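Undergrad: Got a structure for you, written out below as structure tokens; questions coming shortly.
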There are 4 protein chains.
Amino acid sequence: MVSLTEKPAETPERLAFYKKIAKSALTPLWVVFSDIITPEPKSACRPHLWNFEAAKAYLMEAGDLITAKEAERRVLILENPGMTGSSQITTSLYAGLQLVLPGEIAPSHRHSQSALRFILDGCGAVTSVDGEQTTMEFGDFVITPPQAWHAHGNETTEPMIWLDGLDIPMVSHFDASFAESYGDDVQPLTRAAGDSFARFGANMLPVDFEQTKQASPIFNYPYARSREALEQMKNQNEWDPCHGLKMRYVNPVDGGYAMPTMAQFLQLLPKGFKTSTCRSTDATIFVATEGRGRTTVGDETFEWGPKDIFIVPSWQRVSHESDTESVLFSFSDRAAQQKLGLWREDRGNV
Amino acid sequence: MVSLTEKPAETPERLAFYKKIAKSALTPLWVVFSDIITPEPKSACRPHLWNFEAAKAYLMEAGDLITAKEAERRVLILENPGMTGSSQITTSLYAGLQLVLPGEIAPSHRHSQSALRFILDGCGAVTSVDGEQTTMEFGDFVITPPQAWHAHGNETTEPMIWLDGLDIPMVSHFDASFAESYGDDVQPLTRAAGDSFARFGANMLPVDFEQTKQASPIFNYPYARSREALEQMKNQNEWDPCHGLKMRYVNPVDGGYAMPTMAQFLQLLPKGFKTSTCRSTDATIFVATEGRGRTTVGDETFEWGPKDIFIVPSWQRVSHESDTESVLFSFSDRAAQQKLGLWREDRGNV
Amino acid sequence: MVSLTEKPAETPERLAFYKKIAKSALTPLWVVFSDIITPEPKSACRPHLWNFEAAKAYLMEAGDLITAKEAERRVLILENPGMTGSSQITTSLYAGLQLVLPGEIAPSHRHSQSALRFILDGCGAVTSVDGEQTTMEFGDFVITPPQAWHAHGNETTEPMIWLDGLDIPMVSHFDASFAESYGDDVQPLTRAAGDSFARFGANMLPVDFEQTKQASPIFNYPYARSREALEQMKNQNEWDPCHGLKMRYVNPVDGGYAMPTMAQFLQLLPKGFKTSTCRSTDATIFVATEGRGRTTVGDETFEWGPKDIFIVPSWQRVSHESDTESVLFSFSDRAAQQKLGLWREDRGNV
Amino acid sequence: MVSLTEKPAETPERLAFYKKIAKSALTPLWVVFSDIITPEPKSACRPHLWNFEAAKAYLMEAGDLITAKEAERRVLILENPGMTGSSQITTSLYAGLQLVLPGEIAPSHRHSQSALRFILDGCGAVTSVDGEQTTMEFGDFVITPPQAWHAHGNETTEPMIWLDGLDIPMVSHFDASFAESYGDDVQPLTRAAGDSFARFGANMLPVDFEQTKQASPIFNYPYARSREALEQMKNQNEWDPCHGLKMRYVNPVDGGYAMPTMAQFLQLLPKGFKTSTCRSTDATIFVATEGRGRTTVGDETFEWGPKDIFIVPSWQRVSHESDTESVLFSFSDRAAQQKLGLWREDRGNV
């Protein structure tokens, strides 16, 4: 189709016309059509890997430069090299590494953005969500749903580091950002620790429970349990050519994703497994939680080890290879894309 | 909360640190936090009104400057004055005025973007969607769902003008744009005109029908019928303080919106009606189809008459006043925002 | 499997044992297993046809025998000949022919049973549901949803006859019958006639509408409109081998059936059309609204003409043949069976 | 309303008329109206308690009287004393006690009826469902979904006894019974034991999983885990006046009930707790798994201890009182009633 590829010649008359109508907030479609409706996704988002140890060194340095009080949330944004200055890791998502030093606490606040944290370093700090507290350990997947009051603190003697994932760019795209702080430094705890998990995590629901929001009532998915599920499933020895053995975290109330805009996954690759080359429209952030291997994105290959973080942009061909049995946590905007009918997957020749 | 308002001081050490980590695709959150998670929506989108007659004059001028062949779709984008160069009317939506001269046809193409057209001028041109043709008249609301082949042509003796509304920015935001042209100039018609409307428009469904896509199988919602519904409902004499009498177009298969990302509405304001002041997070494009009146957005007031188009940004207070019985068509990204749990409405003191 | 076919021998010891445990409200499964879990549906329900004119004659006779005041609802139950004394037309449904003479009214009442009426004779009597009135004509499909107050009256000069269809046996099966009368003879009208149809029948919904019950807000589906839809679809000349051209009535709010337990259909058979032989688990009541033809159920054949009513039991093979272009209205418990995962269809060799 | 209470007088003319029309499969509604549409549920179902030890003695006796081969499923039906000869425990459900002696196996079969088993006595026998095996212990809730092949066997040295619950009467009511045997005595195991539980029980789902049937992919809900959830929730010390602490078992895929027609619950009553008096339309079968207490149904009171089974009919007022901390498992047709819009609860003055 013409307009998908070419543009009409720019004659003096036309340029004069464009200039004139611009005053009336009008501009010609035929000049930009092929740039805004593309045959395939055309993104500024670039693949990249962040080495955890290097990033951690910077984080610790930040710990000296900035007090918790100054920063409230002492976070280094993982900014996509293709989108410098945008505070984004993909076109729709934000990711950052957060450091909480012993004795530090972050006061309670809430916002319309969905937030996840995936624990990488340290053990024993606590997060409270809507008045219930949970203790965090390596690999735990913790959510703070939209508009849920949340705070955290580190009473332990070691620094704690986790990965934050938020839909900040998406919420900005929709002009729907709301945020407020709780005011007092400490929000009272109103439920016993572990209550939500007991209430909703055992394939049962309170008989009179009614779902009132689009998020999981479970806010900590312990790594021990998710990992054990993968371990059990290994016995079946069934491997998906694209994904190895891949699970998505679900909201027990409806079987949907844990939060309305973001999807999270945990996958296992057996030793020496090489996936086929696949692609999908949801740019995905991966964290290696166990093992070593490499991932090829387009024509770039990234070697990863424990806690390294890398990003695979939309529609770029990706394949993983594991040297040892490996586990990858990942998240993307697939939850949003599927609701909007935009998500597409290409499993190659599989 | 500190970080919602303030930023840590910029010392030389810190600036040096920021510069250093930038090389590793890292950047401090505390410098931008208050800009990316705002207490309320903070948008570049500005309210604006396009006078139809003025825009039409430019369109006709474009008709001389650019052949249909050159432009394929001869459209003047209604570009939001707050986002010059972005080809957007809101942060998530695109809108444009399309002119089709007698004898012109636009070949068939399809894309992952959802598209609506609302007929403003002329009568009798045809649109075909997935092999079925419909004739368009003033006020008809026509959809071309994602990935549906669509084309149009004007066999009449007068120019035809309609408003195009698409989710182009949203699809770009998610890096999910796919488009292709049909190739041949003419896609064969495989269904009798009116078949879809008969099949799905009369509160019945084919007994074996199964929904396979997130869009309405009705692709032309005739104005005559929608207007008649409002006329009947007037008898009840019930008026919503914010909206007068407001209806949303629905997908008969599930009662949802006609397309997955955009919502469309038709509302009636009785003569001399003044709505209360309300606001919502979905920036909305309005078209006056009948009557005269004015709309106040924030502290700006826009006088409108038949076919004028105006935009109300996210979360700005809006009120309408009608001098004569008036009808407003409108559309927004509410369909997407509600699915993502982002939509919020403030009905003021109502 | 043994127990699907045979039963253990009845020895004296066993019979004594059975007698003994009976005192403790215990009884052996192996004696009844093959009767209660059958390889295929085994029903007392028999196929039958009621000639309308003959039934009408009895109805008029009942009009003399019983005053409206005495009977409140002067109805002759269409009782399945295989289930005499049960007041049922199928195992789960009830059907009856109701006569309302000029000047008669039936006071308002409500119940947990879903009720439909399909107008057969006369024109102009009114039904009111939840404070809105509708005028009834031949072929109109009118619903009175569970717990909706409803009444009717005949201000015309001719008798009115319609078919009632209710889920009385199903509600009894679940021990969930609730009923009450409105008290006063006349329930006030609170909405203009036609308001519900305008509000919900034109593929639009009030912008703030929230579904609060499992039934359609439209309570009169006019025959003229449903018939016109079939007429339009004829042009496509697509015929289903089992059904000809068959549509189901839907709830515009969610695309489901008009009521929670019963499904209703309208189908067209072109002149001289003979369907293939199919079967399904929902015993179905058919009413011929136009044309003449015959239906074969198992090894019985029923000749039908306008307004005749016949029943096809569960899982019996059925085929239709039309001498002239014919239209059949039908209803069954398919809505319930599908929700419960019980519905099954066998389309034969199709 | 007249017809809800009275019936027209029976004159000779009328009786003659009734007799005459009966030949045409017609019968007067006014004679039966008040019997078939009742102001409140009016059921033959009666409250009753089965003492487990007494029933077990009879079961063992049956073990000598009938070989497994003869009976295939050696079950004593818990037949409601108000519905003798019906093989029902409620109007819609069946329940029985099944004995499997050491070395016995029951060959694989399947049917459209949903079945649950709740383990009462013995430990270690196995059930296989669709090619996966699970070992059963006291309190485990095991399901065999509609049309799922299932078999069981007891390789242990002790007898095994469990409670069977099926929707046999409901499936008969809808004339939708289908059943077949697998043929060979042993169905091959195709999945590792525990695979389904790992795959679906940990609040994760396989990334490509698509729901294809209305039943939970988990087929054994271990008592240890369900009981532990209640134990944790006790800490919150929140007690529902009607139910104490009551949970429903859910299908992790959609948060609905484990099977399409039946609902199952597990509830804890702290020591000395007395519930208020409530009622609902779903007749419910209770099994005391722990503790001692009494339940009052209408004006009858039933003392229960471990493994005793009792039935509470539809809409009868019920209250529970626990002498020691007690746990009750229960099941009913609530899943079906809610889908059909029939379920109703009366929480008394609560």
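The values are calculated or read from the model by the stated rules, or taken from the named source; none is laboratory data. What you are looking at is a predicted structure, and each value in this text was computed from that prediction instead of being measured. Here the Cβ positions follow ideal geometry from the backbone for every residue, glycine too, while neighbour counts run over all protein chains shown. Heavy atoms of the whole protein, side chains included, go into the accessibility calculation; ligands, DNA and RNA do not. Shrake-Rupley method; radii C 1.70, N 1.55, O 1.52, S 1.80 Å.
Undergrad: Given only helices, namely DSSP H runs of n ≥ 4 each adding -39500 (n - 2.57), what is the per-residue ellipticity at 222 nm of the protein assembly as shown, to the nearest 500 deg cm²/dmol?
TA: That comes out to -5000 deg cm²/dmol.
Undergrad: Could you size up the charge dipole of the stretch A:16-122 around its Cα centre, putting +1 on the beta carbon of Lys and Arg and -1 on that of Asp and Glu, and report it in debye to the nearest 20?
TA: The dipole of the stretch A:16-122 has a size of about 660 debye.
Undergrad: Now for a separate question. Based on the alpha-carbon gyration tensor of the stretch C:95-236 and its eigenvalue square roots a ≥ b ≥ c, which shape applies: rounded if a/c is under 1.5, prolate if not and a/b is larger than b/c, or oblate?
TA: Since a/c stays below 1.5, the shape of the stretch C:95-236 is classed as rounded.
Undergrad: Using only the alpha-carbon atoms, how far is helix B:223-234 inclined from the longest principal axis of chain B? Give it as 0 to 90 degrees, nearest 10.
TA: 80 degrees
Undergrad: Among A:P222, A:C242, A:Q232, whose Cα sits farthest toward the positive end of the charge dipole of the stretch A:212-253 (+1 at Cβ of Lys/Arg, -1 at Cβ of Asp/Glu, about the Cα centre)?
TA: Among A:P222, A:C242, A:Q232, the one farthest towards the positive end of the dipole of the stretch A:212-253 is A:P222.
Undergrad: Let me ask you something else. Using the Cβ atoms and a cut-off under 9 Å, what net charge is assigned to the surroundings of D:T261, where Lys and Arg are +1 and Asp and Glu are -1?
TA: Surrounding charge for D:T261 is -1.
Undergrad: Moving to a separate point now. Using only protein heavy atoms and a 1.4 Å probe, report how much of B:M60 is accessible, in Å² to the nearest 10.
TA: 70 Å²
Undergrad: Same structure again: Considering only C:S322, C:S24, C:S280, give the residue with the highest GNM mean-square fluctuation for chain C, with springs between Cα atoms whenever their separation is below 10 Å.
TA: C:S24
Undergrad: Place a point 7 Å from the Cα of A:M60 along the Cα-to-Cβ direction; which residues of the stretch A:77-119 have their backbone N under 19 Å from it?
TA: Zone members listed by number: A:77, A:97-104.
Undergrad: Here's a follow-up. Label points 7 Å out from Cα along the Cβ direction at A:W239 and B:W239: separation in nm?
TA: Each label point is offset 7 Å from its Cα along the Cβ direction, giving 7.1 nm.
Undergrad: Checking the cross-link filter: which lysines have an alpha carbon closer than 26 Å to that of C:K274, excluding same-chain neighbours under 8 positions apart?
TA: Result set, ordered by chain and number: C:K234, C:K246, C:K307.
Undergrad: Which net charge results when you count Lys and Arg as +1 and Asp and Glu as -1 among the other residues whose beta-carbon is under 10 Å from that of D:D240?
TA: Charge balance in the 10 Å sphere: 0.
Undergrad: Set the Förster distance to 30 Å, then compute FRET efficiency between D:T157 and D:A192 from the Cβ-Cβ distance, nearest 0.05.
TA: 0.75
Undergrad: Continuing with the same structure: Nearest 10 degrees is fine. How inclined is helix B:12-22 to the longest principal axis of chain B, computing both from alpha carbons?
TA: Once rounded, one gets 40 degrees.
Undergrad: Kindly identify the protein assembly as shown as rounded, prolate or oblate by the Cα gyration tensor criterion: order the square roots of the eigenvalues as a ≥ b ≥ c, call it rounded if a/c is under 1.5, otherwise compare a/b with b/c, prolate if a/b is larger, else oblate.
TA: oblate
Undergrad: Using r as the Cβ-Cβ distance of A:F209 and A:E10, and R0 as 60 Å, what FRET efficiency do you calculate, to the nearest 0.05?
TA: 0.45
Undergrad: Rounded, prolate or oblate, given the Cα gyration tensor of the stretch A:207-347, with a/c below 1.5 counting as rounded?
TA: oblate
Undergrad: Which number gives the lysine pairs in the stretch A:1-140 that have C-alpha atoms under 24 Å apart and are eight or more places apart or on different chains?
TA: Within the stretch A:1-140, the lysine pair count is 5.
Undergrad: Please give the total accessible area that chains A and B bury against each other, computed with a 1.4 Å probe and expressed in Å² to the nearest 100.
TA: Separately minus together, A and B give about 7700 Å² buried.
Undergrad: Among A:P81, A:I168, A:T156, which residue has its Cα positioned farthest towards the positive end of the charge dipole of the stretch A:64-201, with +1 placed on the Cβ of Lys and Arg, -1 on the Cβ of Asp and Glu, and the dipole taken about the Cα centre?
TA: The Cα lying farthest towards the positive end belongs to A:I168.
Undergrad: Continuing with this model, one more query. Note every residue of the stretch C:76-98 with a reduction of at least 10 square angstrom in accessible area, all protein chains present versus the isolated chain, computed with a 1.4 Å probe, or write none.
TA: Hits at the 10 Å² cut-off: C:L76, C:I77, C:E79, C:S87, C:T91, C:S92, C:Y94.
Undergrad: Right, something else. Only Cα pairs under 8 Å and at least 6 apart count here; give the relative contact order of the stretch D:223-350 as a rounded whole percent.
TA: About 30 percent, as a whole number.
Undergrad: Quick one: dipole size for the stretch B:1-51, taken about the Cα centre, charges +1 on Lys/Arg Cβ and -1 on Asp/Glu Cβ, in debye to the nearest 20.
TA: Computed about the Cα centre, the dipole is about 240 debye.
Undergrad: Turning to a different aspect of this structure: Any residues in the stretch A:308-350 that have 30 Å² or more less accessible area with all protein chains than in their chain alone, probe 1.4 Å, and which are they?
TA: A:K339, A:L340, A:L342, A:R344
Undergrad: Give the accessible surface of the stretch C:41-161 per residue, rounded to a whole number of Å², with probe radius 1.4 Å and ligands, DNA and RNA excluded.
TA: Per-residue accessible area for the stretch C:41-161 comes out at 30 Å².
Undergrad: Once label points are set 7 Å from the Cα along Cα→Cβ at both B:A224 and C:K274, what is their separation, rounded to one decimal in nm?
TA: For the pair B:A224/C:K274, the computed spacing is 4.2 nm.
Undergrad: Going by Cβ distance under 4.7 Å, what cysteines of chain D have no possible disulfide partner?
TA: Flagged as lacking a Cys partner: D:C45, D:C123.
Undergrad: Moving to a separate point now. Spelling out what I want: for every residue of the stretch B:27-43, take phi, set θ = phi - 60°, compute 6.51 cos²θ - 1.76 cosθ + 1.60 (Karplus), and round to whole Hz; glycine and proline get x.
TA: After applying 6.51 cos²θ - 1.76 cosθ + 1.60, I find 8, x, 5, 4, 7, 10, 2, 5, 8, 9, 10, 9, x, 9, x, 10, 10 Hz.
Undergrad: I would also like to ask the following. For a quick check of understanding: with a 1.4 angstrom probe and all protein chains in place, what accessible area in square angstrom does D:R46 have, to the nearest ten?
TA: 120 Å²
Undergrad: Sort out for me the Cα centre separation of the stretch D:21-35 from the stretch B:218-281, rounded to whole Å.
TA: Result: 48 Å between the Cα centres.
Undergrad: Using only the alpha-carbon atoms, how far is helix A:52-65 inclined from the longest principal axis of chain A? Give it as 0 to 90 degrees, nearest 10.
TA: Once rounded, one gets 80 degrees.
Undergrad: I would also like to ask the following. I'd like the accessible area for D:D167: 1.4 Å probe, protein heavy atoms, all chains in place, Å² to the nearest 10.
TA: 0 Å²
Undergrad: Measure out, as a whole number of angstrom, how far apart the alpha-carbon centroids of the stretch C:150-197 and the stretch D:72-104 sit.
TA: Using only Cα atoms, the two centres lie 41 Å from each other.
Undergrad: What percentage of the solvent-accessible surface of the protein assembly as shown, computed with a 1.4 Å probe over protein heavy atoms, is contributed by carbon and sulfur atoms?
TA: 51 percent
Undergrad: Moving to a separate point now. Take A:F141, B:F302 and sort them by solvent-accessible surface of the protein heavy atoms, 1.4 Å probe, largest at the top.
TA: The ordering from most to least exposed comes out as B:F302, A:F141.
Undergrad: Let me ask you something else. To make sure I understand the rule: partners must be lysines, Cα under 18 Å from the Cα of C:K213, and not fewer than 8 residues away in the same chain. Which ones qualify?
TA: C:K339, D:K339
Undergrad: Next question. Describe numerically, in nm with one decimal, the distance between label points set 7 Å from Cα along Cα→Cβ at A:T84 and at B:A22.
TA: 0.6 nm
Undergrad: OK, next. In a shell of Cβ-Cβ distance under 15 Å around B:A44, excluding B:A44 itself, what net charge do Lys and Arg (+1) and Asp and Glu (-1) give?
TA: Taking every other residue near B:A44 into account, the sum is -2.
Undergrad: Give the long-range amide H neighbours of D:G348: residues separated by 5 or more places, or on another chain, with amide H under 5 Å away, using H modelled in the peptide plane at 1.01 Å from N.
TA: It is D:R279, by chain and number.
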